[in-house]
1. Among 193, 373, which comes first, second and so on when ranked by fewest other beta-carbon atoms within 10 Å?
2. Just check the stretch 98-186 against the gyration tensor rule for me: Cα atoms, a ≥ b ≥ c as the square roots of the eigenvalues, rounded for a/c under 1.5, and otherwise prolate or oblate depending on whether a/b exceeds b/c.
3. What does the C-alpha gyration tensor say about the overall shape of the stretch 23-139? Classify as rounded when a/c is under 1.5, otherwise prolate if a/b is larger than b/c, or oblate.
4. Using the beta-carbon distance between residue 76 and residue 383 and R0 = 41 Å, what value does 1/(1 + (r/R0)^6) give for FRET efficiency, to the nearest 0.05?
5. Give me the distance in nm between label points sitting 7 Å out from Cα along the Cα-to-Cβ direction at residue 354 and residue 99, one decimal.
6. Taking only DSSP H segments of four or more residues, each worth -39500 (n - 2.57), what value at 222 nm results for the chain once the sum is divided by all its residues, to the nearest 500 deg cm²/dmol?
7. Report the extension gain between residue 195 and residue 23 in nm, rounded to one decimal, defined as 0.36 nm multiplied by the number of residues separating them, less their alpha carbon distance.
8. Quick one: length gained pulling residue 187 to residue 111 fully straight, 0.36 nm per residue minus the C-alpha distance?
């Protein structure tokens, strides 16, 4: 009995010490210190391919180093990858000897010129009226083979969207050529030309190795890019500072890195990632997700726009895709007795689950969710009835944020993730995603 009482007392002391330490590490003063640097005018809106975003990346890397994280890439915290900017010039071709409108030809390629026919060794793929073009595209990209894809005309609108997204692509050594047609293809000829410019992008990633489950990963992420510089407003301001979107989420990632690095009790490996190019297509998160086997990723906490009070007021946030796994319920259970609460996403019409950097891993069956407080729709029953009027505007600056509330949200994430990090929750057993 004495042994049991002693163990209980030691546990109580540990919990009390934990509560005191978290306030020393995660607090409004530290949150403001990091947020103020990331959202400053010096960063020039952190647009990809600009000196401003490189400056932001250096700052994040330095914070990871100060926290004691291991670099993801040897001696570097930068996870670099190549992007190719493309500019369409022309497309011509024929199917079964009949000319095809060039507007119905789409090339997903990073070469300047493609000239092929049925004898070029390309794999022929047919997307019928009952097939899903997006699903076929994902398989083709994973296969990394030169392919000629005949797409039924019922998919015209989707193919047009695909055509509109080809301005930036990952550098690749295979070509995907799409043609809109309802004909059964026996022969074809295609010529496709474009201008290409290769550029580099980088995520910033640091790691705390797990003690007993090194090959099981828990990811904390946010995107550090924003919209850059635009036309001056009436006050002469032209910088989209992106204080809430998403310097706030990236600040949370850095604060959590400092906290867990000092706590030193994670059984699973913790990965802290600041993604680039979210605003221009989610390229940073997409590249990052390809570096991991989905079955080894236990959970992803993507953090976006937590600088303003939620519809429920302070000390509350929502989780996108709440119904798609048991992750939200687990987090809320771990918060019992605290003043913080998580809620299901109230803005399902906005499709937020698939609009942020969690989406790539979520589609692969990982419990990957975004945590946010941003009010994306007007709600007459909310404590604060206004939508986020600063979203993607020049006025998204640090003065509009609540630092004390941000600190509480970050602490809420830290506390609620405890059982997942400790390896006590086998989260993937409850996944409802495909």
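1. 193, 373
2. rounded
3. prolate
4. 0.40
5. Inter-label distance under the simple model: 3.7 nm.
6. -8500 deg cm²/dmol
7. Full-extension gain reported as 56.6 nm.
8. Working it through step by step, the gained length comes to 25.0 nm.
Each value in this text was obtained by applying a stated rule to the coordinates, not by laboratory testing. It should be emphasised that the depicted structure is a prediction, and the values quoted were computed from it without experimental measurement. In this analysis, Cβ positions are derived from the backbone assuming ideal geometry, glycine residues included, and neighbour counts consider all displayed protein chains.
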